[in-house]
Structures are given as C-alpha cells and as structure tokens.
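Undergrad: There's a structure below that I have some questions on.
The values are calculated or read from the model by the stated rules, or taken from the named source; none is laboratory data. This structure is a prediction, so every number in the text was calculated from the model and none was measured. All Cβ positions, even for glycine, are placed from backbone atoms using ideal geometry, and neighbour counts span all protein chains on display. What goes into the accessible areas is simple: the full protein's heavy atoms, side chains included, and nothing from ligands, DNA or RNA. Shrake-Rupley method; radii C 1.70, N 1.55, O 1.52, S 1.80 Å.
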Amino acid sequence: MNILLLGAPGAGKGTQAKLLQKEYGLQHLAPGDILRDAVKKETELGLQAKNFMDKGNLVPDELIIDMMLKKIESTDGVILDGFPRNIKQAQALTEYLKKIDKKLNYVIKIVVKENEIIRRLSSRRVCPLCGHSYNKVFNPPKVEGLCDVDGEKLIHRKDDTEETIKSRLQVFEDHTRPIIDYYKDSGVYFEVDGEKDFMEVFEDLKSIVIE
Ligand code: AP5
Ligand code: MG
C-alpha cells in the first residue's frame with residue numbers, strides 16, 4: 001500500500017505519517033527529514049540543499065527526484081510526506097510508478113488554516129535524530145526538551161521562524177497547491193480536517209485507509 005500525504009507546512013504530515021507507519025508497517029519517506037540529516041552530516045547533498053532550506057525554498061528537482069524514486073523502488077509500501085511538491089515531481093512520480101507497476105492507493109490532504117499553521121510551527125520542537133515532531137503547547141514531550149523515542153535533545157528548526165514560515169507558505173501556494181488539482185480527479189483523493197486533535201485526525205485517516 002502506498003499513501004501520499006499532502007498539506008501545507010505544519011499541517012501535521014510528519015506527525016500523522018509516524019502514526020500510520022506504526023499502524024500499517026509502511027516506510028515513512030520524508031525528503032525534509034532526509035535533507036536535514038544530510039545537512040547535519042555535511043554530505044554533498046546537504047551542502048547543496050542547505051541554503052534553499054534555510055530560506056524556505058524548494059531544493060532543486062535534480063537533487064530530489066532521482067533520490068526519492070530510488071527510495072520508493074526499494075520499499076514494499078510507503079507513506080510519502082513532502083514528495084512530490086511541484087508538478088514536475090508529481091509527473092515524474094506518476095511515470096515512475098507506472099514503469100515499476102506500482103500505484104498510489106490513497107492521496108490525502110490534511111487541511112489546516114494559515115493562522116493555525118503559524119501558531120503550531122512557531123512552537124514546534126523536533127528530534128534531530130528520529131525526526132519526531134513535538135509542540136511546546138499542543139504536544140509536549142514527557143521530559144521537557146528531550147525526545148520520548150530516543151532521549152535526544154530537541155531542537156527548534158531553523159526554518160521555523162515567522163519570516164521563513166511565511167515564505168514556506170508562499171512556496172506552498174505557488175508550487176505545491178497546483179498538485180492538489182493534479183490528484184483531485186485521480187479517484188483516490190481524500191481530505192481530512194487537520195485542525196482536530198491529533199488522534200481524531202488519525203482516526204479519520206484510518207477510516208479512509210482500508211488495508
Ligand atoms: P519539510 O520538512 O517537508 O517541511 P514542511 O513541508 O514545511 O512541513 P513540516 O515538516 O513543517 O510540517 P508537517 O506537515 O510535517 O507538520 P508536523 O507534523 O511537524 O521540508 C523542509 C524543507 O526541505 C522545504 O522547505 C524544502 O526546502 C526542502 N524539501 C522537502 N521536500 C522537498 C521536495 N520534495 N522538493 C524540494 N525541496 C524539498 O506538525 C507541525 C507542528 O504542529 C508540530 O509541532 C506538531 O506537534 C503540531 N501538530 C501536528 N498535528 C497537530 C494537531 N492535530 N493539533 C495540534 N498540533 C498539531
Ligand atoms: Mg514534516
């Protein structure tokens with residue numbers, strides 16, 4: 001089973017992907033997490049991506065498309081969180097899935113309004129090791145400042161400042177929103193209200209996904 005989660009920055013894609021991963025034993029593939037790890041390790045990819053990410057811009061397609069398609073091929077079932085993010089990436093994914101005789105079973109948009117997104121992202125804290133997302137207000141870790149999963153010290157993402165959040169939202173409008181239309185008539189497109197409580201959103205997702 002392959003699931004694509006769509007939604008603006010801060011909609012809760014990462015949070016819900018982790019829950020779905022556990023529930024259905026799928027692999028969670030998030031280019032944002034892969035890129036942040038590459039930046040931290042100062043790999044070639046990380047060095048090339050860092051400037052784009054810090055400003056909230058998309059990393060060039062040449063660095064993203066091949067990397068993501070290779071990872072998809074080697075999985076048995078996947079939750080895509082953050083790819084595709086523009087029409088070119090969506091078309092590349094469609095062609096590639098066709099070629100390897102796979103398909104997206106569910107494309108689900110998590111809908112959250114802009115003022116709520118800004119509220120969530122300015123108080124988000126993330127684990128630099130496992131990518132788990134917390135929130136100082138809505139979803140604090142058990143021990144303040146430490147990841148529940150691995151005990152790592154939580155960080156405030158560099159692109160979670162008010163200015164960069166606004167440019168990420170603009171990038172979403174300009175580049176990512178058009179792919180919603182691209183998938184809307186696919187027959188596997190759904191929307192959930194992402195402003196509900198975490199577990200209610202998860203229940204809504206599970207009611208869409210049939211194993
Ligand atoms: P990426 O890491 O994908 O960032 P994003 O799309 O901006 O999304 P976020 O991770 O900010 O939000 P999310 O939806 O995962 O929300 P979360 O669950 O954390 O990308 C980062 C950068 O990498 C991009 O800007 C770009 O430069 C590059 N990049 C990535 N993919 C690329 C691609 N395909 N092509 C080119 N470049 C690419 O939740 C947010 C907060 O809200 C958390 O604090 C959480 O605890 C809280 N929360 C979640 N759900 C709820 C709820 N129901 N109620 C209350 N609070 C909630
Ligand atoms: Mg995320």
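Undergrad: Just give me the residues in the stretch 56-70 being surrounded by 14 or more Cβ atoms within 10 Å (Cβ to Cβ) and either modelled with pLDDT under 95 or more than 18 Å from Asp33 (Cβ to Cβ) (or both), in sequence order.
TA: Going residue by residue through the stretch 56-70, those that are surrounded by 14 or more Cβ atoms within 10 Å (Cβ to Cβ) are 56-59, 61, 63-65, 67-69.
Within the stretch 56-70, just Asp61 meets the criteria.
Undergrad: Oh, and also: Just to be sure I understand the filter: pairs with C-beta atoms under 7 Å, separated by 6 or more residues or on different chains, first member in the stretch 118-146 and more than 16 Å from Pro9 (Cα to Cα), second member in a strand (DSSP E or B) and open to solvent by 40 Å² or more (accessible area, probe 1.4 Å). Which pairs pass?
TA: Taking only residues 6 or more apart or on different chains, the pairs are Pro128/Ile155; Lys136/Arg125; Gly145/Lys153; Leu146/Lys153.
Undergrad: For the stretch 158-186, which residues satisfy the criterion of being open to solvent by less than 70 Å² (accessible area, probe 1.4 Å), without any contact (Cβ under 8 Å) to a residue 40 or more places away in the chain and of a type outside the set (Asp, Glu)? Please lay out each step first, then the result.
TA: The initial filter retains those residues of the stretch 158-186 that are open to solvent by less than 70 Å² (accessible area, probe 1.4 Å), namely 159-161, 164-165, 167-169, 171-172, 176, 178-180, 183, 186.
Adding the requirement that they be without any contact (Cβ under 8 Å) to a residue 40 or more places away in the chain leaves 160-161.
Selection gives Thr161 alone.
Undergrad: Limited to the stretch 86-129, what total is found for residues that are part of a helix (DSSP H, G or I) and either under 19 Å from Lys184 (Cα atoms) or aliphatic (A, V, I, L, M) (or both)? Don't jump to the end; show me each part of the working.
TA: Narrowing the stretch 86-129 to residues part of a helix (DSSP H, G or I): 87-99, 114-122.
Okay, now just the ones that are also either under 19 Å from Lys184 (Cα atoms) or aliphatic (A, V, I, L, M) (or both), so 87-95, 97-98, 117-118, 121.
Within the stretch 86-129, residues that are part of a helix (DSSP H, G or I) and either under 19 Å from Lys184 (Cα atoms) or aliphatic (A, V, I, L, M) (or both) number 14.
Undergrad: Sticking with this one: Filter the stretch 123-156 down to the residues that are within 26 Å of Gln170 (Cα to Cα) and open to solvent by 60 Å² or more (accessible area, probe 1.4 Å) and list them by number.
TA: The answer is Lys136, Val137, Phe138, Ile155, His156.
Undergrad: In the stretch 130-164, which residues are closer than 30 Å to Ile179 by Cβ and in a loop (DSSP other than H, G, I, E, B)? Outline the logic, then answer.
TA: Within the stretch 130-164, the subset closer than 30 Å to Ile179 by Cβ is 130-135, 138-139, 155-164.
Within the stretch 130-164, Cys130, Gly131, His132, Phe138, His156, Arg157, Lys158, Asp159, Asp160, Thr161 qualify.
Undergrad: Let me ask you something else. Quick one: Ala30 ticks every box in (1) more than 10 Å from ligand 2 (Cβ to nearest atom); (2) open to solvent by less than 10 Å² (accessible area, probe 1.4 Å) bar one, so which box is it?
TA: (1)
Undergrad: List every residue pair whose Cβ atoms sit under 7 Å apart, with the two residues 6 or more apart in sequence or on different chains, where the first one lies in the stretch 40-53 and is under 20 Å from Val126 (Cα atoms) and aromatic (Phe, Trp, Tyr) and the second, anywhere, is open to solvent by less than 40 Å² (accessible area, probe 1.4 Å) and within 16 Å of ligand 2 (Cβ to nearest atom).
TA: Close Cβ pairs (under 7 Å, with a partner that is open to solvent by less than 40 Å² (accessible area, probe 1.4 Å) and within 16 Å of ligand 2 (Cβ to nearest atom)) amount to Phe52/Val59.
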